[in-house]
1. Take the residues in region 29-49 that are crowded, with 18+ Cβ neighbours inside 10 Å and not hydroxyl-bearing (Ser, Thr, Tyr), then tell me which one is farthest from Arg81 (Cα to Cα).
2. Return yes when Ala80 is over 26 Å from Lys138 (Cβ atoms), outside the structural domain of Tyr144 (by TED's automatic domain parsing) and modelled with pLDDT of 85 or more and no when it is not.
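The values are calculated or read from the model by the stated rules, or taken from the named source; none is laboratory data. Only a predicted model underlies this, so the values are computations on that prediction, with no experimental measurement involved. Because the Cβ atoms are built from the backbone with ideal geometry, glycine has one as well, and the counts that use them run over all protein chains shown.
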Amino acid sequence: MLTPAELVWLLAAVAKGDQVAFERLYVATRAKLFGVVLRILRRQDLAEEVIQEVYVKIWHSAGQFQPALASPITWMVSIARNRAIDVVRKRNETSIEEDPAALEVAADTPDPLAQREMTEELKRLLACIGQLPQERQKLVLLAYYNGWSRDQLATKFKTPVNTIKTWLRRSMLDIRECLGLP
């Protein structure tokens, strides 16, 4: 396994169109990303299709990766996870609400190595989210980390969509203030 610094370098090279770097990145990360996708989809054929789409997205989006915001593997897992969840939603094979384990893939507490990679900015962000009331923490994480729609959140929290929008807006304003952003 490559170090996070090596993965950052590879992503920077991929952003410049370096195919050899992309191959190295693929070899170094395919098992992890495939495992994430397979756990969500539970079908190897679908997982293989999705993983191809994920790497195409990584190829096209590598220039958007910001090492100050996340580790390379966290960023790539997020892409893979979000795409797999999109496929589940579209295919309606499994309701996300009926299978909460699908949402928990790669959302557990980071392992010790991942914690070391966590940037100061991310630590500050998590501390600010931690200052929100517990229900709002869950709301923000479901919306912005897990990608839940406002309608899904309204159903989950048994609250009107407009109230969900207001809660999210207020929560984001509180987080911005905590971070000292304008």
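1. If we take residues in region 29-49 being crowded, with 18+ Cβ neighbours inside 10 Å and not hydroxyl-bearing (Ser, Thr, Tyr), then Leu46 is farthest from Arg81 (Cα to Cα).
2. no
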